[in-house]
């Protein structure tokens, strides 16, 4: 005997509502993962630009005649030290010096690192360049 006055949800209604809730939560979790990945990338870019800026400022203090390309070096961007084997955010720093005129040199710093993204890994680059004059008053 079927009772028509029962109150409650049918099995179909429960399954349908659980499916809707699951889809909503998948979207929320996906957005959270993407947000964490984006903030990590932004932090790493800021650290890379900081290291590049500090490197250029150190090169400004060098004698003009000793400014030559430095090649690539492993650098820990958390400590801003080359040959630092402590764990942390590491990458490659390349300093390239080119003479553009008699009394000017272009110093370019390229920072590269491997970034873990939600869809895999990607090599990222940040580049900063400046011109340095032979005359300290011009810098």
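The values are calculated or read from the model by the stated rules, or taken from the named source; none is laboratory data. Just so we're clear, the structure is a prediction, and the values are computed from it rather than from any experiment. FYI the Cβ positions are ideal-geometry reconstructions off the backbone, even for glycines, and counts take in every protein chain you see.
Please list, ordered by first then second residue, the pairs with beta carbon atoms under 7 Å, 6 or more apart or interchain, first in the stretch 57-70 and on the phi < 0 side of the Ramachandran plot, second exposed (fewer than 14 other Cβ atoms within 10 Å of the Cβ) and part of a loop (DSSP other than H, G, I, E, B).
60/139
Conditions (1) exposed (fewer than 10 other Cβ atoms within 10 Å of the Cβ); (2) out of contact with any helix residue (DSSP H, G or I) (no Cβ under 6 Å at 6 or more places or on another chain); (3) at pLDDT below 85; (4) assigned to a loop (DSSP other than H, G, I, E, B), marked per residue:
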site	(1), (2), (3), (4)
1	yes, yes, yes, yes
7	yes, yes, yes, yes
33	no, yes, yes, no
43	no, yes, no, no
78	no, yes, yes, yes
106	no, yes, no, no
109	no, no, no, no
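Within the stretch 87-96, can one find any residue that is farther than 20 Å from residue 122 by Cα and at pLDDT 90 or above?
Among the residues of the stretch 87-96, at least one is farther than 20 Å from residue 122 by Cα and at pLDDT 90 or above, which makes the answer yes.
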